[in-house]
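Throughout, read-outs are computed from the coordinates displayed, never taken from laboratory work. Because the structure is predicted, anything quoted here is derived from the model rather than measured. All Cβ positions, glycine included, derive from the backbone under ideal geometry; neighbour counts span all protein chains shown.
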Amino acid sequence: MTKPALSILLAAPRGFCAGVDRAIQIVEQALAKWGAPVYVRHEIVHNAHVVKRLEAMGAIFVEELNECPDDRPVVFSAHGVPKVVPAEAARRQMTYVDATCPLVSKVHAEAQHHARNGLHILLIGHAGHPEVVGTMGQLDPGSMTLIETVQDAENFQYADPARLAYATQTTLSVDDTKDIVATLRHRFPQMAEPRKDDICYATTNRQDAVKVIAQEAQLVLVIGAANSSNSVRLKEVAERSGADAAYLIASADNIDWSWFDGVTTLGLTAGASAPETLVQGVIAACRARFAVSVKEVVTAQEDVVFRIPRVLEGA
């Protein structure tokens, strides 16, 4: 029987960003330098396939520093950690490497700068996300207020509106964040702003690419983990940008093929912590059922590279 035709619009950029690539390299190089086991506080990036591969190499993932022995190295995840974590590691004389994405570290530095200038910081982000926990943990309690929605921005009150600044989580929806920022600017026109947008280039680029393919695709599949903020945002952006349906999947194994009923054009992308092997796995699964043509839709070029910490260079 002749297979039905399926056109796949493959978003570019997609998949690993420079911060994720660096974080994974840090764990790999730590294992090469110090041998197994190397402990990692929290998932190094939010992707089970990446975590499983590193576990097979000898990484042990834990949620808190008290689960790590004093005599083995520990890596802090790409999402960043509260300042008490490296302070405790230093107190215990542990060997530790910070894999925090440099663009997250930029947000930390901004928050610290504003606090030194006596400003109260409004952090736009999602409660409980490790990046938000890490950023809020850079300052003393009460120095920062979390703003999750436009309603939060409308309801926030502060005794001295001239002493405010804002920062954002790096993996938010660009469009949603614009609405929140616009509300805050209207209410607090003297509010200090980031010198450069806190939402990272990779998040922005991947959302822009999804907007383009969703306009032509009936179905969009986003490869990524359910706890990956940037991946969840990609699904939301696809739904708003014209696709009839969009689903977040961990891999080809999670595809419900009934989604493809009546579909002739599929949009495909991957979150910033999803490896390209998973993308190719979805394409292969589609080829087994359809006569597939693939068109890469390029909306931006990325050449950002972040160096690994000096302690691991040459490992």
| remark: Sorting ALA245, GLY134, THR203 by the position of each Cα along the dipole of the chain (Lys, Arg +1; Asp, Glu -1; all at Cβ), the one nearest the positive end of that ordering is THR203
| Based on the Cβ-Cβ distance from ASP179 to THR2, what FRET efficiency comes out when R0 is 41 Å, to the nearest 0.05? | 0.30
| request: For the pairs LYS52/LYS196; LYS33/LYS235; LYS3/LYS52; LYS106/LYS211; LYS196/LYS295; LYS235/LYS295, note any where the Cα-Cα span goes beyond 31 Å. | output: LYS52/LYS196; LYS33/LYS235; LYS3/LYS52; LYS196/LYS295
| query | Where the centre of each part is set by its Cα atoms, how far does the range 100-128 sit from the range 260-278, in angstrom? | reply | 33 Å
| query | Hey, what do the phi angles of the range 120-128 turn into as Karplus ³J(HN,Hα) couplings, whole Hz, using 6.51/-1.76/1.60 and θ = phi - 60°, x for Gly and Pro? | reply | 8, 9, 9, 9, 8, x, 10, 4, x
| field | Charge dipole of the chain about the Cα centre (unit charges at C-beta), most positive-ward option of ILE180, ILE308, ALA5 | value | ILE308
| query | Looking at PRO73, LEU54, ALA99, which one has the Cα that reaches farthest to the positive end of the dipole of the range 54-106 (charges on Cβ: Lys, Arg +1; Asp, Glu -1)? | reply | ALA99
| field | Net dipole in debye of the range 110-187 [+1 Lys, Arg Cβ; -1 Asp, Glu Cβ; about Cα centre; nearest 20] | value | 280 debye
| task | Report, by chain and number, residues whose modeled amide H sits under 5 Å from the one on VAL294, excluding near sequence neighbours (fewer than 5 apart, same chain). | result | ILE8
| remark: GluC sites (Glu not before Pro) in the range 33-115 lying in a DSSP loop, each with at most 15 other Cβ atoms within 10 Å of its Cβ, come to GLU63, GLU64
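How high is the FRET efficiency from VAL311 to ILE60, r the C-beta distance, R0 30 Å, rounded to 0.05?
Working from the Cβ atoms, E equals 0.95.
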| query | Which residue fluctuates the most in the chain, going by a Gaussian network model with Cα springs under 10 Å, if the choices are GLY281, GLY242, GLY267? | reply | GLY281
| field | Shape call, the range 228-315: gyration tensor on alpha carbons, a/c limit 1.5 | value | prolate
| field | Karplus (6.51, -1.76, 1.60) ³J(HN,Hα), θ = phi - 60°, over the range 36-43, in Hz, Gly and Pro reported as x | value | 8, x, 10, 8, 10, 7, 6, 3
| message | Could you derive backbone 3J(HN,Hα) for the range 181-197 from the dihedral phi with the Karplus parameters 6.51, -1.76 and 1.60 (θ = phi - 60°), listing whole Hz in sequence and x where the residue is Gly or Pro? | response | 4, 4, 5, 5, 4, 5, 7, 10, x, 8, 4, 6, 10, x, 5, 9, 3
| message | Rounded, prolate or oblate for the chain? Axes are the square roots of the Cα gyration tensor eigenvalues, ordered a ≥ b ≥ c, and the cut-off for rounded is a/c under 1.5. | response | oblate
| Cβ-Cβ FRET estimate between SER293 and ALA127, R0 fixed at 41 Å, reported to 0.05 | 0.45
| Tensor-based shape of the range 107-166 (alpha-carbon gyration tensor, a/c under 1.5 rounded, otherwise prolate or oblate) | oblate
| Which distance in Å, rounded to a whole number, links the C-alpha centroids of the range 170-204 and the range 47-83? | 31 Å
| remark: Given backbone amide H placed at 1.01 Å from N, residues whose amide H is under 5 Å from that of VAL40, ignoring those fewer than 5 places away on the same chain, are ILE60, PHE61, VAL62, VAL75
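Based on Cβ point charges of +1 for Lys and Arg and -1 for Asp and Glu, what charge dipole magnitude is obtained for the range 16-65 about its Cα centre, in debye rounded to the nearest 20?
Magnitude of the dipole: close to 140 debye.
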| task | Taking amide H positions as placed in the peptide plane 1.01 Å from N, state which residues far from ILE223 in sequence (5 or more) or on other chains have amide H under 5 Å from it. | result | ILE249, THR269, ALA270, GLY271
